[in-house]
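Take a look at the structure below.
The values are calculated or read from the model by the stated rules, or taken from the named source; none is laboratory data. As the structure is a computational prediction, the values presented were derived from the model and not from experiment. Here the Cβ is made from the backbone with ideal geometry for all residues, glycine too, and neighbour counts use every protein chain on show. Surface accessibility is based on the protein's heavy atoms, side chains included, excluding ligands, DNA and RNA. Shrake-Rupley method; radii C 1.70, N 1.55, O 1.52, S 1.80 Å.
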Amino acid sequence: LFPKTYDLAVDTPAREVVEVLLTQFEAETANMDWEKAGEMGVSPYGAVIIASLIEREAILEEERPLVAAVVYNRLSKDMLLQIDATVQYALPEWKDILTYEDLETPSPYNTYLHKGLPPAPICSPGLASIEAALSPADVDYLYYVATGDGGHFFTSDYQEFLRVKDDVQE
């Protein structure tokens, strides 16, 4: 379902609303190279799921391809994705800070517990996130941590990730 402002009548049936949003998604993404998804080992639907993860994780535009790279790199190494946004999606209400207990929330969407992609998108991604999912950065990053200023620190070194995470959380 494509995220956009729509001008619909109050009594528009739900099925019609969904059709409008789906049609808009098709129109907005018609010129995208969906074959790239297959080249990266996922279906077009898988790329949309990845785009939803990017949408929820990246605030800064320039970080979207980097988050995409981390997702694909972790998938290729059969690692848990461990994306906080998937845990947030599984929780009954939004939390500013996740606890270790939250990370154990039983849900097929919890990428701390289940390898691979969640079963469906966790939000409706915008064009920038879809583009990043189809064209990730060419980097070897496996980890990132929010720096508290809206951005993230990216690395391929786990020990460096832990050091920065500790610094940020102090």
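Quick look at the numbers
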quantity	calculated
Farthest positive-ward along the stretch 61-170 dipole, Cα basis, beta-carbon charges - from ALA133, HIS152, ALA120	ALA120
About the Cα centre, charge dipole magnitude for the chain (Lys/Arg +1, Asp/Glu -1 at Cβ), debye	420 debye
Distance in nm between pseudo-label sites at LYS95 and ALA146 (7 Å out along the Cβ direction from Cα)	1.3 nm
Å² of accessible area per residue within the stretch 41-170, as computed with a 1.4 Å probe and no ligands counted	53 Å²
HN-Hα J in Hz across the stretch 109-120 - Karplus 6.51, -1.76, 1.60, θ = phi - 60°, x for Gly and Pro	7, 6, 7, 7, 9, 10, 6, x, 7, x, x, 7
Cβ crowding within 10 Å averaged over residues, with 123-133, 70-80, 56-66, 150-160 ranked highest first	123-133, 56-66, 70-80, 150-160
At R0 = 41 Å, FRET efficiency that the Cβ-Cβ distance of GLU104 and ASP138 yields, to 0.05	0.75
Value of D in µm² per second that Stokes-Einstein yields for the stretch 1-64, Kirkwood Rh from Cα pairs, at 37 °C (0.692 mPa s)	240 µm²/s
Square roots of five times the Cα gyration tensor eigenvalues for the chain, Å	29, 20, 15
The stretch 61-137 - charge dipole about Cα centre, Lys and Arg +1 at Cβ, Asp and Glu -1, debye rounded to 20	340 debye
Cα centroid separation, the stretch 127-170 to the stretch 1-38 (Å)	30 Å
